[in-house]
Amino acid sequence: MYKDLKFFGLLHIKNNENQNLNFNSIDQNQKTLVYLKNAILLDKQLKYYNYELILITNKKNYLKKLLKKLNYEIKLISIEFKTFVPKKTHFYSCHFRVDVFKFFSQQTNVYSVLLDLDVLVLNNPKKLFYFYENKVSLVNDISQNVIPAYGKKKILKKLNILNSNINKITWIGGDFFAGDNYFYKLLHKKTKFYQKKFVDNLKLLSDQPDELFMSAAL
C-alpha cells in the first residue's frame, strides 16, 4: 500500500438536519446505512488496487456498531468539526468539508484524495502519483453540466454574492479533491472565508449547495 497516497470519505451525521437528499429514507438510521454501504463498496474497490478508504466522521462509535452488524471493517477517524452550519442549510453535512480541508492541511508528505461516498473507482488510482510528484492539485470542474442546467446569468448572480470579482464561471463539484497539505492549507483558508459569507447571505442562497462557496473560493 502506498503510504503517501491516501483516500478519504466524509460521513458527518446529525439528526434532523435538512439534507435535501437525492433519495428518500424512513429515518436517520436508514439514511446513514445507505451512505455506509456506499462507503463499503468504495473501500472494496480501493482494496482491489491495494488502497483503502479512510472514513472521517463525527460519530465513530455509532458507525463501528453499524459496521459490526454488516460484518465489515473500515478505517474510521474522528476530527474536530468547528464550522458553523445553520440547521436548514442545503446539503448540510457537505459544509463540513471545510474542516476536512484543515485536517488535510496538517498531513505532511501525503497526497490526500477526498471522494464522495457514491464515487466508483474504475481504474487504478496509482495514476494520481503523476500529479502528486509534479505538485499538481486536482478538483472536478463540472461547469459543462451546471451552466446548461441553470443558466450562466443565474449562476453568476449567486457567485457574485460571495465574490464580486468573478466574471467567468468555473463550477467545482464537491465529489473529488486531491492535493498535498499546501494545497489544502490554501483551500481551507479560502473555503472558510466564503462559507462564512455563505451563511451571512443564507436568505439569498438557501437553494444553493456547498459547491457555490467552493467555486467562489477556487
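Only helices enter this figure: runs of n ≥ 4 DSSP H residues, each worth -39500 (n - 2.57), summed and divided by the residues of the chain, yield -13500 deg cm²/dmol at 222 nm to the nearest 500.
Please list, by residue number, everything in the range 201-218 whose backbone N is under 11 Å from a paramagnetic label point 7 Å out along Cα→Cβ of N163. Output list for this probe position: 212-218. Computed 3J(HN,Hα) for the range 155-162, one whole-Hz value per residue from the Karplus formula 6.51 cos²θ - 1.76 cosθ + 1.60 where θ = phi - 60°, is 5, 5, 4, 5, 4, 5, 5, 8, glycine and proline marked x. Considering the options L138, H90, L114, tell which one lies farthest towards the positive end of the dipole of the range 1-160, charges being +1 on Lys and Arg and -1 on Asp and Glu at the Cβ, about the Cα centre. Among L138, H90, L114, the one farthest towards the positive end of the dipole of the range 1-160 is H90. The trypsin sites (Lys or Arg not before Pro) found in the range 85-116 that occupy coil by DSSP, while having at most 10 further C-beta atoms within 10 Å, are K87.
Amide H to amide H distances under 5 Å link L117 with L10, where only residues 5 or more positions off or on other chains count and H is placed in the peptide plane. Site pair K203 and T170 shows an inter-label distance of 3.3 nm when each label is modelled 7 Å from Cα along Cα→Cβ. Each Cα pair under 8 Å and six or more residues apart adds its sequence gap; the mean of these over the residue count of the range 45-137 is a relative contact order of 26 percent. Ordered from longest to shortest, the equivalent ellipsoid semi-axes for the range 101-218 are 27, 17, 12 Å, each the square root of 5 times a Cα gyration tensor eigenvalue.
In debye, nearest 20, what is the charge dipole magnitude of the chain about its Cα centre with +1 on Lys and Arg Cβ and -1 on Asp and Glu Cβ, if you could check? Can you show the working numbers first?
Working: 35 positive and 18 negative charges, 90 e Å.
About 440 debye.
The relative contact order of the range 89-218, computed from alpha carbon pairs under 8 Å that lie at least 6 residues apart in sequence, is 41 percent. Take the chain with all the other protein chains still there, run a 1.4 Å probe, and you get 57 Å² of accessible area per residue.
On the accessible surface of the chain, probed at 1.4 Å, how many percent belong to carbon and sulfur atoms?
Working: 6140 of 12380 Å².
The nonpolar share, carbon plus sulfur, comes to 50 percent.
Using C-alpha pairs under 8 Å with a sequence gap of at least 6, the mean separation divided by the residue count of the chain gives a relative contact order of 25 percent. Only alpha carbons enter this Debye calculation for the chain, each as an equal point scatterer, and the log10 of I(q)/I(0) it gives at q = 0.07, 0.12, 0.17 Å⁻¹ is -0.22, -0.66, -1.32.
Straightening the chain between N123 and K153 buys 7.1 nm, computed as 0.36 nm per residue apart minus the Cα-Cα spacing. Computing FRET efficiency as 1/(1 + (r/R0)^6) for L138 and K64, where r is the C-beta to C-beta distance and R0 is 41 Å, gives about 0.85.
The values are calculated or read from the model by the stated rules, or taken from the named source; none is laboratory data. Since the model is a prediction, treat every value here as computed from it, not as a measurement. Cβ coordinates were reconstructed from backbone atoms using ideal geometry, including for glycine residues, and neighbour counts include every protein chain displayed. Please note that ligands, DNA and RNA were not included when accessible areas were found on the heavy atoms of the full protein model with its side chains. Shrake-Rupley method; radii C 1.70, N 1.55, O 1.52, S 1.80 Å.
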